[in-house]
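Report on the structure given below.
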There are 2 protein chains.
Amino acid sequence: MLAGIDIGGTKTAFALGERQGDEIAASWRRATEPTQDASADLLRMADDVRTLLEEAGLAPGELEAVGVSAAGPLDPGQGVLLEPPNLPWHRAPVVGVLSQALGCPVFLDNDANAAALAEWLYGAGRGTRHMVYLTMSTGVGAGLVLDGRIHRGVACSAGEVGHVPVVWDGEPCSCGMRGCLEAYVGGAAWTRRLVEHTPPSSRVAALTPAGATPRPEQVVLAAREGDAFALSELARFNDYLARGIVQVAFTLAPELVVLGTIPTAAGEALCLDPVREQVHARLWPVIGDGLRIEASGLGESLPDYAGLSVAREGLARS
Amino acid sequence: MLAGIDIGGTKTAFALGERQGDEIAASWRRATEPTQDASADLLRMADDVRTLLEEAGLAPGELEAVGVSAAGPLDPGQGVLLEPPNLPWHRAPVVGVLSQALGCPVFLDNDANAAALAEWLYGAGRGTRHMVYLTMSTGVGAGLVLDGRIHRGVACSAGEVGHVPVVWDGEPCSCGMRGCLEAYVGGAAWTRRLVEHTPPSSRVAALTPAGATPRPEQVVLAAREGDAFALSELARFNDYLARGIVQVAFTLAPELVVLGTIPTAAGEALCLDPVREQVHARLWPVIGDGLRIEASGLGESLPDYAGLSVAREGLARS
């Protein structure tokens, strides 16, 4: 039996699953509620895992490995989460604390790699050899499955596709650089743009809850109703997303690019079809003919699989 | 003993080397002189290998494997060179003809992968785990060594970094697309630009042989003499090359990018130093601090190692 922990900025998902097979044996989610004391927070997570094992009628000794998925730079050798962007932790000893508390190997990976592994092992990417997963929510990142293995690169920092320049010296990005893909298609950047540009008369404004700022969700809803502003915003999003996929495809020639949250929510007609068309128009046939572009196969249940996938991959590697 | 054959558009290089170690036991080059009959041309190459073995005092039975490097799309499963851009061959059965003629396994790879392997096994990339080699002569391509293996992607078409758009809808490229890196830093594209833009009063024009068109070689020579036009041309070259390296670095986080012909000829002060500076200014420190950018370590002797490297890698894989 394996356990997975997906530590998000707001929610943490816990899941148990067999080393083989797709079944989630047990799962639950709770608010992350982090404190300044990472070790105490991690020990509480170990308790959550023990409770889940108990509820599933399993002894602690049946736990073979734990996988942890979290945002942010990490030191895989030390098993330490360095400076997570959404948590008040600093150099959190994830692997040390959890492996001691749970008495089994613990593997740690960043959220983009974990999501790529989850789609590859359980979702849209099953059976592929070369697959790229693009996280597309607040920020944009990639997990690269190449020749059936995650490519991590130096300092585990490969896959920062969100910061490839799509317009040289273009829009400022929250990373401090300019023209990054994320500055055009990241959810946070898009939200800032919507605050500035949404016409009060558009459906995007009408669909935005009172007192809130308009977000990509409202653009998708308004576009479904045919709102002109929403459709132009989505066309812009699709255009820049296609540029990002084109560079990945010429560089890596993957079989499959799986798109995360925003494209999956927008769906085939509003996002995937136009993106496919634009990408294929800018690729050589030898690369484009072998490339599929698909929505996430796991969607909302991805957090249940992310940590388990890290555990499976960690065991396979060790 | 391994044999390597590097089939270039004008010259073919033959070399013998041990499976371990860096020594070239014997080598020679001759004009490629291809005919329409690929099989006959390949049999002649097998004769060249036998002659080289004989001259080195070796029996044909001592040949363990042959590696072949050639430009162009290939079918690695069938061992067939499909439509080589510089040869009048069509679906040349390289592996079939040579393995039957020489009685040992034959491995075929494209020139970018072969050059990457050569630099990784014998040249600037020794000891690295993640290395990108950029061929930079007539065209621009990449060989990607990731986690100590060549990444080939679907249809062996990964590494087409020369066709990543660096300016969306920019300059037309000979591939039919627009804005490709190759349209800015490829030798053929640069030569076309020089024909149009070289001022008759510049040193570039003065250094160009009578009756010839100015080429990147003359730009490098004139830049060494401080010619303003040549320096502005090199600055432009370096700027676009840096853009290409930035996208590769954010995507793959390699330890090392090895630059091919033109940058190696231009050298540290005119090319490598300014490129390093521009690349590092546009990368995050976590990626930039781990990245070196170097000239080819093999230079003119690269063809001697290209085929041998394909043989070594092929044996290691099989």
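The values are calculated or read from the model by the stated rules, or taken from the named source; none is laboratory data. Here the structure is a predicted model, which means the values were calculated and not measured. Backbone-built Cβ (ideal geometry, glycine too); neighbour counts: all protein chains shown.
For B:Arg215, work out the one condition from (1) among the basic types (Lys, Arg); (2) over 30 Å from A:Gly244 (Cα atoms); (3) in contact (Cβ under 8 Å) with a residue 60 or more places away in the chain it doesn't fulfil.
Among (1) among the basic types (Lys, Arg); (2) over 30 Å from A:Gly244 (Cα atoms); (3) in contact (Cβ under 8 Å) with a residue 60 or more places away in the chain, B:Arg215 violates only (3).
In region A:274-283, what count of residues is obtained for those that are in contact (Cβ under 8 Å) with a residue 24 or more places away in the chain, within 14 Å of another protein chain (Cβ to nearest Cβ) and not β-branched (Val, Ile, Thr)? Let's see the steps before the verdict.
Here is the first cut: in region A:274-283, the residues in contact (Cβ under 8 Å) with a residue 24 or more places away in the chain are A:274-275, A:278-279, A:282-283.
The next check asks that each one be within 14 Å of another protein chain (Cβ to nearest Cβ); those that pass are A:278-279, A:282-283.
From what is left, the residues that are not β-branched (Val, Ile, Thr) are A:278, A:282-283.
Qualifying residue count for the region: 3.
Conditions first: (1) in contact with a strand residue (DSSP E or B) (Cβ under 7 Å, 6 or more places away or on another chain); (2) at the interface with chain B (Cβ under 9 Å from one of its Cβ atoms); (3) modelled with pLDDT of 95 or more. A:Gly186 passes all but one, so which condition is the exception?
(2)
Of (1) within 12 Å of chain A (Cβ to nearest Cβ); (2) in contact with a helix residue (DSSP H, G or I) (Cβ under 6 Å, 6 or more places away or on another chain), B:Pro165 satisfies all except one. Which?
So the condition that B:Pro165 fails would be (2).
Is it true that B:Val219 is crowded, with 18+ Cβ neighbours inside 10 Å and under 30 Å from A:Pro172 (Cα atoms)?
Details: crowded, with 18+ Cβ neighbours inside 10 Å: yes; under 30 Å from A:Pro172 (Cα atoms): no.
Answer is no for this residue.
Counting only residues that are part of a loop (DSSP other than H, G, I, E, B) and either polar (S, T, N, Q) or under 8 Å from the mean Cα position of the chain (by Cα) (or both), how many does region A:110-145 have?
3
Which residues, counting only those in region B:27-50, are under 22 Å from the mean Cα position of the chain (by Cα) and of a type in the set (Gly, Ala, Ser)? So that I can check it myself, show each step before the final result.
So in region B:27-50, the residues under 22 Å from the mean Cα position of the chain (by Cα) come out as B:27-34, B:42, B:45.
Within region B:27-50, B:Ser27, B:Ala31 qualify.
Tell me which of these A:Thr128 doesn't satisfy, since it passes every other one: (1) surrounded by fewer than 23 Cβ atoms within 10 Å (Cβ to Cβ); (2) within 14 Å of chain B (Cβ to nearest Cβ); (3) under 23 Å from A:Pro303 (Cβ atoms); (4) free of Cβ contacts under 8 Å to residues at least 60 places away in the same chain.
Exception for A:Thr128: condition (4).
Conditions first: (1) under 24 Å from A:Met1 (Cβ atoms); (2) within 14 Å of another protein chain (Cβ to nearest Cβ); (3) surrounded by fewer than 17 Cβ atoms within 10 Å (Cβ to Cβ). A:Leu82 passes all but one, so which condition is the exception?
(1)
Report whether or not A:Ala242 is more than 21 Å from the chain's Cα centre (by Cα), of a type in the set (A, V, I, L, M, F, W, C) and over 15 Å from A:Ala124 (Cα atoms).
no
Here is a list: A:Ser309, A:Ser318. Which entry is at pLDDT below 95 and not aliphatic (A, V, I, L, M)?
When all the criteria are applied, what remains is A:Ser318.
Just to be sure I understand the filter: pairs with C-beta atoms under 6 Å, separated by 6 or more residues or on different chains, first member in region A:153-181 and not assigned by TED's automatic domain parsing to the domain that holds A:Thr138, second member at pLDDT 95 or above. Which pairs pass?
The qualifying pairs do not exist here.
Determine which member of the set A:Leu221, A:Leu207 is over 21 Å from A:Ala295 (Cβ atoms) and over 19 Å from the mean Cα position of the chain (by Cα).
A:Leu207
List every residue pair whose Cβ atoms sit under 6 Å apart, with the two residues 6 or more apart in sequence or on different chains, where the first one lies in region A:286-300 and is within 9 Å of A:Ala249 (Cβ to Cβ) and at the interface with chain B (Cβ under 8 Å from one of its Cβ atoms) and the second, anywhere, is part of a loop (DSSP other than H, G, I, E, B) and polar (S, T, N, Q).
A:Ile287/B:Ser157
If we keep just the residues of region B:155-187 that are outside any loop (DSSP other than H, G, I, E, B) and among the charged types (D, E, K, R), which is surrounded by the fewest Cβ atoms within 10 Å (Cβ to Cβ)? Break it down into steps so the answer makes sense when it comes.
Residues of region B:155-187 that are outside any loop (DSSP other than H, G, I, E, B), as a first pass: B:155-156, B:161-163, B:165, B:172, B:178, B:180-185, B:187.
Those still in the list that are among the charged types (D, E, K, R) too: B:178, B:182.
Numbers: B:Arg178: 15, B:Glu182: 28.
Residue satisfying both the conditions and the ranking: B:Arg178.
Restricting attention to region B:203-216, and to residues there that are over 19 Å from B:Ala189 (Cα atoms) and at pLDDT 95 or above, which single residue is surrounded by the most Cβ atoms within 10 Å (Cβ to Cβ)? Full working, then the answer.
As a first pass, look at region B:203-216 and keep what is over 19 Å from B:Ala189 (Cα atoms): B:203, B:206-207, B:209-211.
With at pLDDT 95 or above added as a condition, the list becomes B:203, B:206-207, B:209.
Details: B:Arg203: 21, B:Ala206: 14, B:Leu207: 18, B:Pro209: 9.
Ranking the qualifying residues of region B:203-216, first place goes to B:Arg203.
Are any residues in region A:12-38 of a type in the set (Ser, Thr, Tyr) and farther than 20 Å from A:Ala118 by Cα, and if so, which ones?
A:Thr32, A:Thr35
Considering region B:140-149 alone, what residues qualify as being surrounded by fewer than 24 Cβ atoms within 10 Å (Cβ to Cβ) and more than 8 Å from chain A (Cβ to nearest Cβ)?
B:Gly148
If the Cβ limit is 9 Å and pairs must be 6+ apart or interchain, which residue in region B:224-251 that is free of Cβ contacts under 8 Å to residues at least 40 places away in the same chain and in a helix (DSSP H, G or I) pairs with which residue that is acidic (Asp, Glu) and crowded, with 23+ Cβ neighbours inside 10 Å?
B:Phe250/A:Glu160; B:Thr251/A:Glu160
Is region A:258-273 home to any residue that is surrounded by 24 or more Cβ atoms within 10 Å (Cβ to Cβ), in a helix (DSSP H, G or I) and at the interface with another protein chain (Cβ under 9 Å from one of its Cβ atoms)?
So far as region A:258-273 goes, no, none of its residues is surrounded by 24 or more Cβ atoms within 10 Å (Cβ to Cβ), in a helix (DSSP H, G or I) and at the interface with another protein chain (Cβ under 9 Å from one of its Cβ atoms).
Check whether at least one residue in region A:196-212 is within 14 Å of another protein chain (Cβ to nearest Cβ), in contact (Cβ under 8 Å) with a residue 24 or more places away in the chain and among the small types (Gly, Ala, Ser), and report yes or no.
Among the residues of region A:196-212, not one is within 14 Å of another protein chain (Cβ to nearest Cβ), in contact (Cβ under 8 Å) with a residue 24 or more places away in the chain and among the small types (Gly, Ala, Ser), which makes the answer no.
Kindly establish whether B:Val220 is within 14 Å of chain A (Cβ to nearest Cβ), among the hydrophobic types (A, V, I, L, M, F, W, C) and outside any loop (DSSP other than H, G, I, E, B).
No.
Do you know which residues across region B:224-257 are small (Gly, Ala, Ser) and either within 14 Å of chain A (Cβ to nearest Cβ) or buried (at least 24 other Cβ atoms within 10 Å of the Cβ) (or both)?
If the condition is that a residue be small (Gly, Ala, Ser) and either within 14 Å of chain A (Cβ to nearest Cβ) or buried (at least 24 other Cβ atoms within 10 Å of the Cβ) (or both), then B:Ala230, B:Ala242, B:Gly244, B:Ala249, B:Ala253 are the ones that fit.
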